[in-house]
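Report on one structure; see the data block that follows.
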């Protein structure tokens, strides 16, 4: 099987033009098939402030109302996505910016209203993800750049978690490619001692994860990320890597500097 | 050769939610391969007003400055494009929203600065348009929905004329498909008597166009549209149709109600 890299970046890269430029130069240089998934960053909040659109919360959970979904559709699907595409094109990388709605590449359902109505928020329908349509793009030299939006099959765009979109795509494409899912993180990897930047744990397996948890060595904030990583691996992804955006190219090789998570 | 319809809509459809909904239902019902090209509409101007971004003009020509290109990238490439995609997906039409930058589907160059610096405006590099990449999408059941933006190969998005993008695509794809280029217009077609809505001229050929011009029968405003239509036909497009959005389905048949322009 060919290698595939599914790489997710968030606000710490998107909101810093110099960091983004460096990241995109490295991303463009990756020779294998690759997919970039980007989050939203702070631009939507800043633009929302200018437009008088307030961030809404219920019980501490962020709500996506009518104004907010239009805002994030513009910013994530338009401004952020197309700026990345234009920069990658200038680097000779044939990027194609899409949302999950485009070509129905990431099917989703509107989150059901239970205790909280999250508004226009989508949950990925991972089992329906059309791997062959992604493959069609990848096998023809197209580099998908995915914004964190989906649709509800009833004509509306939905705000959707970028981490989940990245892992769902990695899972679906693991049937066809030997897939490494890379989460760009603010640190060099998962740290054994949260205050020591040099204490990166270079590999975590299921067995070592159980041991680290039993010893209560890990910072609690990293546990959900690791649980999600092992869920992706259980669903067929070969490897998940958590590392810094600056180390992207190194982290696409065999000698990674971040944390490589495997079965 | 298979048929292909390249259909362009502008503000009179985009800015009217009911008209857009009707149009998209008809567009989704077209059975042949099809491409939708949309203009911008008034949403960008309205949002620009809210953000205090003024429309700039030099000698009566609209200029696309830094603020304006970000605005139209958000609105055309994000809000308008993705709303159309979500609506088409809900109608069972596998729409994929793109700009000319995505997959470099419509190569362009930044308009050279001569008497006027138009700013971030692109002119289509029609001779480099990658017909095979469009064909890849079309032949796999994907329906491209194109926003009027391109890129400059140096990392910037460019504002680009939607009519020209539509005709350039129709020309490039005429080598592979029997192509009808349809411009949705505010009237039912080209009128022989501009004040008489029932005076639609149902067919115009080069010979009849020469006669109509000699007799000075046509409204001057329509002449550039007809000149462009014949330029597309000279470059290989089988037919150009100018008609009302409400008549779309009829205008995809042999018995058109709009104005069919042929060699």
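Bear in mind these aren't lab numbers, they're just calculated from the coordinates by the rules spelled out. A quick note: this is a predicted structure, and the numbers were derived from the prediction, not measured. All Cβ positions, even for glycine, are placed from backbone atoms using ideal geometry, and neighbour counts span all protein chains on display.
Structure notes:
- Residues being in a loop (DSSP other than H, G, I, E, B) and within 27 Å of residue A:175 (Cβ to Cβ) - total across segment A:112-128: 1
- Selection count where residues are in contact with a helix residue (DSSP H, G or I) (Cβ under 8 Å, 6 or more places away or on another chain), free of Cβ contacts under 8 Å to residues at least 40 places away in the same chain and either farther than 15 Å from residue A:201 by Cβ or surrounded by fewer than 18 Cβ atoms within 10 Å (Cβ to Cβ) (or both), scope segment A:219-232: 1
- Complete set of residues in segment B:107-120 that are closer than 19 Å to residue B:71 by Cα and touching a helix residue (DSSP H, G or I) at 6+ places or on another chain (Cβ under 9 Å): B:119, B:120
- Residue under evaluation residue B:86, criteria (1) without any contact (Cβ under 8 Å) to a residue 24 or more places away in the chain; (2) touching a helix residue (DSSP H, G or I) at 6+ places or on another chain (Cβ under 7 Å); (3) crowded, with 22+ Cβ neighbours inside 10 Å, criterion not met: (2)
- Residue pairs whose Cβ atoms lie under 6 Å apart, sitting 6 or more positions apart in sequence or on different chains, and linking a residue in segment A:98-116 that is farther than 13 Å from residue A:133 by Cβ to a partner that is exposed (fewer than 14 other Cβ atoms within 10 Å of the Cβ), are A:116/A:58; A:116/A:61.
- Those residues of segment B:234-251 which are surrounded by fewer than 22 Cβ atoms within 10 Å (Cβ to Cβ) and part of a helix (DSSP H, G or I), in sequence order: B:234, B:246, B:247, B:250
- Residue, farthest from the other protein chains (Cβ to nearest Cβ), within segment A:94-111, restricted to residues that are part of a strand (DSSP E or B) and buried (at least 24 other Cβ atoms within 10 Å of the Cβ): A:108
- For residue B:91, the stated conditions hold: it is surrounded by fewer than 24 Cβ atoms within 10 Å (Cβ to Cβ) and more than 7 Å from chain A (Cβ to nearest Cβ).
- Every residue from segment A:183-218 that is in contact (Cβ under 8 Å) with a residue 60 or more places away in the chain and in contact with a helix residue (DSSP H, G or I) (Cβ under 6 Å, 6 or more places away or on another chain): A:184, A:186, A:190
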